[in-house]
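The structure under discussion appears below in the form of structure tokens.
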Amino acid sequence: MEISHVKLVPVLVFILLNSVWCTTSNSISESFLQCFSSHIHSNSSSKIILTKHSSAYSSVLQSSIQNLRFLNTSTPKPEAIITPFKHSHVQAAAICSKKEGIQIRTRSGGHDYEGLSYVSTTPFIMIDLFELRSIDIDIENEIAWVESGATLGELYYAIAQKSKVYGFPAGICPTIGVGGHISGGGFGSLFRKYGLAADNVLDAKIVDVNGRVLDRKSMGEELFWAIRGGGGSSFGVILSWKLRLVPVPPSVTGYMESKTIEQGATKLVSKWQAIADRIPEGNFLRLVLQVANGTNGGKTIQVVFNFLFLETYEELLPWMKENFPELNLDQTAFTKMSWIESVLFLANFPINETEVLLQRTQQSRSFFKAKSDYVTEPISEACLEGLYQRMLQLDTSMLILSPFGGRMSEISESEIPFPHRKGNLYEIQYYVSWDDDKETEKHISWTRMVYGYMAAYVSKSPRAAYLNYRDLDLGINKDANTSYAEASIWGLSYFKNNFRRLAQVKTLVDPGNFFRNEQSIPVLPSGEK
């Protein structure tokens, strides 16, 4: 329903909203509608609230579900989707949801690996931020304000439109939403030189549990610390971020080559491990291990060397000759490109198709499951051989190895909640995908089996994990009253010694634990600090 050129009074807004809601759900009260309508004063109310009977409900819900595990009919759906056009719409949703005791889930890009941004077992409303995606680039002052509903692709594209010699250190997949990515840490090809996305946040705006819009000054340094890597959904709805842009060379160099284990890939992986955290900080040398067709009709393991250098071919060649003479070092194997083209290169797009960065959904979606580990000592070739045998059980199994070190080793573990800094050689993402829901249990069981096999070879006490590769296998909060001790089962893996401080901040800003999910920061008992 489209109404224009009329300023609606709150009562009329309520009547209009109620007309599209009244037959949809008994679990959302009319008092929520009345509360919400009294706050928004909008002539586009039917666009702001989508109920299960709204024509756009299904398309909006499905639009950024990146994991098909959460797109089946049995997955719990939100009672309504709020698509705010203004910050005041988010404020109204927070105020009225709290008043009526209705859960909120907030989605920016839909890449939450376990679907927590749009799935809940209790009645809930989803706030989808895709309409809040403005990006304001200020090259002169080397900053950008970006709303949480923007994608990384949209951010990168906007920066490149203003300058060829600035970038931002964030993730590789362009359809990831800015809001969740930054609030969980956020690493990509520039993080060894400039740190995480969260390390480069200068300010933020958040709607708190009382419906106030707070910036860094008004929220205070403790909350500002918590939302940069501690997960924003535990503390409120983050509306926007002020980011520090970073300089990049006019041209960078990309490199990609594959070797199978029969071609000596294992030796190369061992060499890579030995120097992973000591690689020059301007170099991002990522390895992808995957199943491929062998020469005799069987299967083998292939290692893809996926490199980005903030140097020219001539500058990096001596280093490559010294460290990886076994690879093809002919100049034709290297690609000279701009930084924005390197974004496309690493995401496996043609480097001249920058417009693809504006596409908000992936070209193809699948069912998938992922887990993560941090490696502090090189893994033996015998362990790698055992890993290969397990990978060969599933054609779509994949491991992504991202080197740490550089700037990441210089930043304190407690600077922000993300603690995985000095002492980590690299991070592993275990990833498997499939196309048939009937195959779900088999593939999830595979990830758990491989994860179990790797326990002896990765970080310990705690066995660390990355929040943005969320994994509910680590443990979940059973209800709103989950204790700090119970939540520590998963919380210490993500945050190590920063977990208690996160709980202290949570207790201070949201003592009633309104903003919560299966892995949200817990509230400390009364009197405990």
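The values are calculated or read from the model by the stated rules, or taken from the named source; none is laboratory data. This structure is a prediction, so every number in the text was calculated from the model and none was measured. Ideal geometry is used to build each Cβ from the backbone, glycine not excepted, and the neighbour counts take in all protein chains shown. The protein model used for the area step is the full one, side chains on, heavy atoms only, and it has no ligands, DNA or RNA in it. Shrake-Rupley method; radii C 1.70, N 1.55, O 1.52, S 1.80 Å.
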Where only protein heavy atoms count, and the probe is 1.4 Å, what is the accessible area per residue for the range 427-529 in Å²?
-> 45
Using only Cα atoms, what Kirkwood radius does the range 166-216 have, in angstroms?
-> 12.0
With +1 on each Lys and Arg Cβ and -1 on each Asp and Glu Cβ, and nothing else charged, work out how big the dipole of the chain is about its Cα centre, in Debye to the nearest 20.
-> 900
Dipole axis of the chain (+1 Lys, Arg; -1 Asp, Glu on Cβ), positive-most option in Gln363, Met398, Gly236 | Gly236
Taking N as the number of residues in the range 185-270, the ratio of its alpha carbon radius of gyration to 2.2 N^0.38 Å works out to 1.63
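Expressed as a fraction of 2.2 N^0.38 Å, the rule-of-thumb size for a compact globular protein of N residues, what is the C-alpha radius of gyration of the chain?
Relative to the 2.2 N^0.38 Å estimate, the chain comes out at 0.99.
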Ratio Rg/Rh, restricted to the range 60-162 and using Cα atoms, in which Rh is the Kirkwood radius = 1.04
Post the alpha-carbon centroid distance, the range 269-294 to the range 374-402, in whole angstrom.
-> 12
Helix-only [θ] at 222 nm, the chain, -39500 (n - 2.57) per DSSP H run of 4+, per residue, nearest 500, equals -8500 deg cm²/dmol
List the relative contact order of the chain as a percent without decimals, with contacts defined as Cα pairs under 8 Å and 6+ residues apart.
-> 14
Can you work out the base-10 log of I(q)/I(0) for the range 355-421 at q = 0.16 1/Å, using the Debye formula on its C-alpha atoms alone?
-> -0.91
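How large is the charge dipole for the range 338-433, taken about the Cα centre, if only the Cβ atoms of Lys, Arg (+1) and Asp, Glu (-1) carry charge, to the nearest 20 debye?
Using only the charged Cβ atoms, the result is roughly 320 debye.
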Percent of all Cα-Cα pairs per 5 Å bin for the range 124-224, counting from 0 up to the last occupied bin, reads 2, 12, 21, 25, 21, 12, 5, 1, 0
How high is the FRET efficiency between Glu353 and Thr312 when r is their beta carbon distance and R₀ equals 35 Å, given to the nearest 0.05?
-> 0.90
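Summarise the accessible area of the chain (1.4 Å probe, protein heavy atoms) by the percent that is carbon and sulfur.
The computed percentage sits at 50.
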Full extension between His53 and Asp215 adds, at 0.36 nm per residue less the Cα distance, a length in nm of 54.7 nm
Past the 20 Å Cα-Cα mark, which pairs from Lys369/Lys438; Lys371/Lys460; Lys98/Lys217; Lys259/Lys460; Lys193/Lys217?
-> Lys98/Lys217; Lys259/Lys460; Lys193/Lys217
Expected unfolding gain across Gln363-Lys478 under the 0.36 nm per residue rule, minus the alpha-carbon gap, is 37.8 nm
First obtain the Kirkwood hydrodynamic radius of the range 371-485 from its Cα pairs, then insert it into the Stokes-Einstein equation at 10 °C and 1.306 mPa s, and state the resulting D in µm² per second as a whole number.
-> 100
Can you work out the FRET efficiency for the pair Gln393 and Ala274, with r the C-beta to C-beta distance and R0 = 25 Å, to the nearest 0.05?
-> 0.30
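Viscosity 1.002 mPa s, temperature 20 °C: what is the translational diffusion coefficient of the range 273-388 from Stokes-Einstein with a Kirkwood Rh over Cα pairs, rounded to a whole number of µm²/s?
Reported coefficient: 124 µm²/s.
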On average, how much accessible surface per residue is there in the range 260-394, in Å², for a 1.4 Å probe, leaving out ligands, DNA and RNA?
-> 45
How far apart, in nm, are the 7 Å Cα→Cβ label points at Asn141 and Glu410?
-> 2.5
